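Taken together, the values in this text are just the output of simple stated rules run on the coordinates, not laboratory data. From a predicted model like this one, the values you see are computed outputs, not experimental measurements. Cβ: placed from backbone, ideal geometry, glycine included. Neighbour counts: every protein chain shown.
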Amino acid sequence: MKNTLLLFVLFCLSNSFYAQKTQVQVLDAHSKTPVAFTKIIEDRSKTFVTDIDGKQSIEIKASSVYIFRFFEYSDTIVKGADLIDNPIVFLSPDAQVYDEVVIKPGENPAHRIIQNVMDKKKDNDPMRNDAFTYNSYSKLYVTGELEEGILRDTITDTSTIDALEFLDKQYIFLTETKAERTFSPPNYDKEVIKSYNVSGVKDPMFATLVNQFQSFSFYANDFELNQDSYINPIAPGGLRRYLFILEDTVVHQDQDTTYTIKFRPRKGKNFDGLEGYLYVRSSSWAIERVIAEPHEASGIVNVKIIQEYKMTANKKWFPSKISTILGFSGIEIEGAVELIGRSSVYINDVEFREPDFKLFSPVSVEVEEGALRDSLSLHEVRGNTASGKEGETYKVIDSVASEANLDKLVFFGKVVTTGKIPAGIFNIPVWQVAYFNRYEGLRLGLGLETNYRLSKVFGAAGYFAYGTNDKEWKGGGSVNFTLNQKRNIKLKFLYKDDVHERGNTDYYSNSFNLTEQGIYRDFFVSLMDRERVAGVNLSGLVRQNLKVQVFANYKRFKISDGYYYAPLFSQNGTQSQFDIAEAGVVINWNIRERIMMLENRRVSLGTKWPKLTLKAVKGQSGIFDANYDYYRLNFMVHQDFTIRGAGKIQLVSKCGLTYGNVPLMLQQFVEGTGINYTLSVSNTFETMGPTEFYTDKYSALFARYSFLPIKNKSSWSEPVFVIHNAAGYGEMSNRTDHKGFDFKTPDKGYFETGVIADYVIKLGPLGFGLGTFYRYGKHAFAETKDNFFYKVSVRLNFL
């Protein structure tokens, strides 16, 4: 009897004090998605916090009581015994609406904490002080979730039920990558994607999507979120711009403390800000966790980010998991099922060590050739992040994509961004189909060029065109050979019989970008001469951000109007036509431009540093009928500056010099677009006539300051005010040698200013506005009213 009683007591005690290590996961009761950083309180004393996936491994005592708590959710209380049986806990959103907290001056304890974070930012920022390497596994999927407030059990629509059952088995879209990253401050950075897989379209571009949603570290003053820039709450001036509220405090066993601080922009502050929660560790005043999203949602895609840091190598708090949630406003799959995307990056094997600098180049992201074929290795790195839907997603979506020929659709979209329409083994440049300028009128034609589907080594192109105003046919063609694909080294032979704007400089750029206002400048061209050209061009990349072209041309100019060149002390004049022979070089250097190499495809990620372009030409007489010796130099610098919380400055400097006695076609041309009630064109003189000024040496500076957008509740208007200023100076030697054509020289300086209201009307990526410009100085017109120019601003921005 005593033994039986003893066994019974021991059994009761074991049930009271027995603790079992269990991985608990906390999910949103509505969306069934993880609730990151949920606070778990054991018996109102011991505290745990879940990770970015809502998971935490704890020793559960059957007799204990556990409270699950997170902001904006109702507390959920679970008994330990029940938690052992079912370690998945659901939190329901709290429907209560709380009054705004008012913090009086001198009474906000959060300010001391945030100030400490700012003071220690340089020490704690992962992108400062220490070089590092790490491996990562990333996953991005798109699925559907029920609209908030709708319970699945209440749905009776069969189409919605079928959609939910489909989504229970697989995702709509999925991409996974395995990568290695090497970094050394301040600017050496390279990530190599070793393996990837994409459901449906097997294009390496999708392997890079995850890293484009947010900045790697929350310490950046300007935090990038879905390619938009937001002022960080811990950037200088954060206490003035943001409201901070201390929401919670957790004391750890080592007496270290985690402070949870809610933040959002202060009322009345006009800037692109964030709102969310910062978790700050008191021992080093480092960020431990962060949840953030734009304070004001705009556009179709709404983004929310979650970052988790952990102490690494006893050195610093380093990102361990980075997550992004993408909400697509107004897009429904079926009935009440909304489209949503989720991405996560899991970082491991972090080492703080100096790398081999020979590894570095301007290429910041590289997808290795054959990385897709190595997609089986992704199974090894998924670990406990696998949902069980991956295999079915690849199987089904790959099959659908193959039947629908989606690879061709992506190829089409990729080529259209360059302004070229694919047609089998050919591309059709859109600007050669129809174009307009004031000299030719409507220029109609057709151009064809081969693409890589025919050959990756050999290429050919040809075109013809007709101008409705000048009544002239034009045409030309070229053949090229790719000598080195990695360096994009090409040898091209060309011939064309076309027209060319008098005095303008051709930088031999093949870029086409509808978002750049500069392409509209051609609409103002009103004076062109016939130009027959035979030439050879060798181009390639010295570095991925440094392109060099070496060329040689033989040209014959035929003058289109009554102009003729009659030098006073030379018989080297010309009447209706003349020949030149020239050789030169064009150098394009985008300083610290970051490049993404997608197997054999090169994509620019831009730069915050200057972009330099230099063209140097030597004309040589005595070659066939060429009879002019000259040097011609052109230099251009483009630089953008972002002023935190204030706006952006765009500066462009253009300089030109012609040394030698030559006709006006080889002199320097100052670009003007001064025609009332037309389009505004950046980096040109908005009040200067298109053919008003010529020089043999000139310098011009264009400056625009764009204020922050004026936020309002309207979806069709977001005005951005821009201040425009431009100044130029030029000289012309032997001005009287040029006959039959009237022009001026800006030897007294040329000045203009203006104000533009962009995006007064905003229709998706397209924006319309108005601008007023004023011409002043020695070259101003006598009548004040004639110095005012009124223009329409058109902007196109897909970001």
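Descriptive notes on the structure:
- Relative contact order for the chain, counting Cα pairs under 8 Å that sit 6 or more residues apart, in percent: 7 percent
- Inter-probe distance in nm under a simple model that places probes 7 Å from Cα toward Cβ, at Leu546 and Glu334: 5.8 nm
- Distance from the stretch 735-799 to the stretch 608-675 (C-alpha centre basis), Å: 20 Å
- In terms of its C-alpha gyration tensor, the stretch 463-506 has a prolate overall shape, because the principal axis ratio a/c (a ≥ b ≥ c, square roots of the eigenvalues) is not below 1.5 and a/b outweighs b/c.
- With 30 Å as the limit, the listed pairs Lys121/Lys269; Lys608/Lys778; Lys547/Lys711 have Lys608/Lys778; Lys547/Lys711 beyond it between alpha carbons.
- Cα gyration tensor category, rounded, prolate or oblate, for the stretch 214-297 with a/c compared to 1.5: prolate
- In the stretch 526-585, chymotrypsin sites (Phe, Trp or Tyr not before Pro) in a DSSP loop with at most 15 other beta-carbon atoms within 10 Å: Phe569
- Antiparallel content of DSSP bridges confined to the chain, in %, to 5: 95 percent
- Projected onto its three principal axes, the C-alpha set of the chain covers 133, 62, 57 Å, listed from the longest axis down.
- In order along the stretch 118-129, phi translates into HN-Hα couplings of 5, 5, 9, 4, 5, 6, 8, 4, x, 8, 10, 6 Hz, rounded to whole numbers, per the Karplus curve 6.51 cos²θ - 1.76 cosθ + 1.60 with θ = phi - 60° and x for Gly and Pro.
- Separation of the stretch 121-175 and the stretch 228-258, taken as the distance between their Cα centroids, equals 26 angstrom.
- Debye-formula intensities of the stretch 537-641, expressed as log10 I(q)/I(0) at q = 0.18, 0.20, 0.22 Å⁻¹, are -0.92, -1.03, -1.15 (one equal scatterer per alpha-carbon, no solvent).
- For the chain, the longest principal axis of the Cα atoms and the long axis of helix 406-416 meet at an angle of about 40 degrees.
- Normalised contact order of the stretch 692-799, rounded percent, pairs of Cα under 8 Å and 6 or more residues apart: 23 percent
- By the Kirkwood approach, averaging reciprocal distances over each pair of separate Cα atoms, the stretch 648-799 gets a hydrodynamic radius of 16.7 Å.
- Close amide H contacts of Leu274 (hydrogens built in the peptide plane, cut-off under 5 Å, sequence separation of 5 or more or a different chain): His295.
- Computed lengthening from Asp119 to Ala81, 0.36 nm per intervening residue step minus Cα-Cα distance: 9.1 nm
- Computed over neighbours whose Cβ is under 10 Å from that of Pro294, the net charge equals -4, Lys and Arg +1, Asp and Glu -1.
- Three-way shape label, the stretch 109-404, alpha-carbon gyration tensor, a/c 1.5: oblate
- Förster-model FRET efficiency, 35 Å R0, Asp168 and Asp228, C-beta, rounded to 0.05: 0.55
- Applying the criteria of a DSSP loop state and at most 15 other Cβ atoms within 10 Å to the trypsin sites (Lys or Arg not before Pro) of the stretch 548-631 yields Arg592, Lys608.
- Relative contact order computed over the stretch 109-404 (Cα-Cα under 8 Å; 6+ residues apart), in percent: 26 percent
- Links that overshoot a 27 Å alpha carbon limit, given the list Lys748/Lys785; Lys178/Lys490; Lys32/Lys262; Lys420/Lys654; Lys456/Lys496: Lys178/Lys490; Lys420/Lys654
- Sparse-neighbour loop sites [GluC sites (Glu not before Pro); the stretch 653-712; at most 16 other C-beta within 10 Å; DSSP]: none
- Each residue of the stretch 442-450 was assigned a 3J(HN,Hα) from its phi angle through the Karplus curve 6.51 cos²θ - 1.76 cosθ + 1.60 (θ = phi - 60°); the sequence is 7, 9, 10, x, 7, x, 9, 9, 6 Hz, with glycine and proline shown as x.
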